[in-house]
1. Which residue pairs have Cβ atoms closer than 6 Å, lie 6 or more positions apart in sequence or on different chains, and pair a first residue in region 158-184 that is within 23 Å of ASN101 (Cα to Cα) and touching a residue at least 40 places away in the same chain (Cβ under 8 Å) with a second residue that is assigned to a helix (DSSP H, G or I) and β-branched (Val, Ile, Thr)?
2. Tell me which residues, restricted to region 113-130, are crowded, with 19+ Cβ neighbours inside 10 Å and more than 43 Å from the chain's Cα centre (by Cα).
3. So is ASN101 in contact with a strand residue (DSSP E or B) (Cβ under 9 Å, 6 or more places away or on another chain), in contact (Cβ under 8 Å) with a residue 60 or more places away in the chain, crowded, with 20+ Cβ neighbours inside 10 Å and part of a helix (DSSP H, G or I) or not?
4. What pairs come out if I take residues in region 123-147 that are over 11 Å from ALA179 (Cα atoms) and pair them with residues that are among the aromatic types (Phe, Trp, Tyr) whose C-beta lies under 7 Å away, six or more apart or interchain?
5. Could you tell me which of the residues GLN51, GLN79 is more than 21 Å from the chain's Cα centre (by Cα) and on the phi < 0 side of the Ramachandran plot?
Amino acid sequence: MKRKDLAKLLIWAGILLFAIVLVAGCAKRQPPEPPPPPPEPEVQVPDTTGQAEREAAARRAAEERARREAEMAARGQIQVVYFDYDKSNLRPDARDASTTNAGILQQYPDWRVLIEGHCDERGTEEYNLALGERRANTVRDFYVNYGLDQGRFNTISYGESRPAAPGHDEQAWAQNRRAVTVIQ
């Protein structure tokens with residue numbers, strides 16, 4: 001090949017190379033790919049299997065707790081019924097206490113009740129046992145006359161054996177002449 005031809009060939013190869021570089025360098029750039037969209041949030045489908053039963057059980061448990069708390073509060077409102085010396089009839093304050101108790105007992109018809117009759121230390125043991133029994137029966141009869149079922153009530157007399165207040169004076173004796181309504 002002649003030198004002239006070789007020079008032409010080299011010139012054309014250079015032009016071609018320059019054109020390729022120029023075209024490659026000036027080619028339109030592709031815009032960058034947009035980032036992928038964020039993933040769809042997962043929709044949490046609540047597990048409703050047994051949900052209604054669990055809610056009902058929780059509601060029943062809460063109602064039962066409230067019922068027990070109300071019962072405990074009502075038990076705490078039961079009043080002691082006091083009597084005069086050597087008496088088993090209800091004086092006005094004893095009638096008020098018995099009415100309060102009967103109202104509470106009426107709200108809880110499933111309660112079983114023991115009425116304890118008590119006396120002060122004066123009198124013989126036999127006499128005080130009989131007087132304590134009369135006092136317990138008086139309170140029971142009041143409850144029955146109020147409209148409560150007699151079958152709910154039991155009575156017992158402790159006479160002077162379980163004093164509420166120690167002492168040998170009127171103040172102690174007044175606290176010991178009583179009938180106590182005990183929820184069983």
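1. Final answer for the pair search is ALA179/VAL139.
2. Within region 113-130, just ASN128 meets the criteria.
3. Spelling it out, ASN101 is indeed in contact with a strand residue (DSSP E or B) (Cβ under 9 Å, 6 or more places away or on another chain), in contact (Cβ under 8 Å) with a residue 60 or more places away in the chain, crowded, with 20+ Cβ neighbours inside 10 Å and part of a helix (DSSP H, G or I).
4. So the pair list comes out as TYR143/PHE153.
5. Being more than 21 Å from the chain's Cα centre (by Cα) and on the phi < 0 side of the Ramachandran plot holds for just one of GLN51, GLN79, which is GLN79.
Table: residues versus (1) in contact with a Gly (Cβ under 7 Å, 6 or more places away or on another chain); (2) more than 30 Å from VAL139 (Cβ to Cβ); (3) at pLDDT 80 or above.
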residue	(1), (2), (3)
LEU6	no, yes, no
THR48	no, yes, no
ALA52	no, yes, yes
ALA58	no, yes, yes
ARG68	no, no, yes
ALA73	no, no, yes
ARG91	no, no, yes
ASP110	no, no, yes
VAL113	no, no, yes
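The values are calculated or read from the model by the stated rules, or taken from the named source; none is laboratory data. This one's a predicted model, so the numbers in the text were calculated from it and none came from an experiment. Quick reminder, even Gly has a Cβ in these numbers, built from the backbone with ideal geometry, and neighbours come from all protein chains shown.
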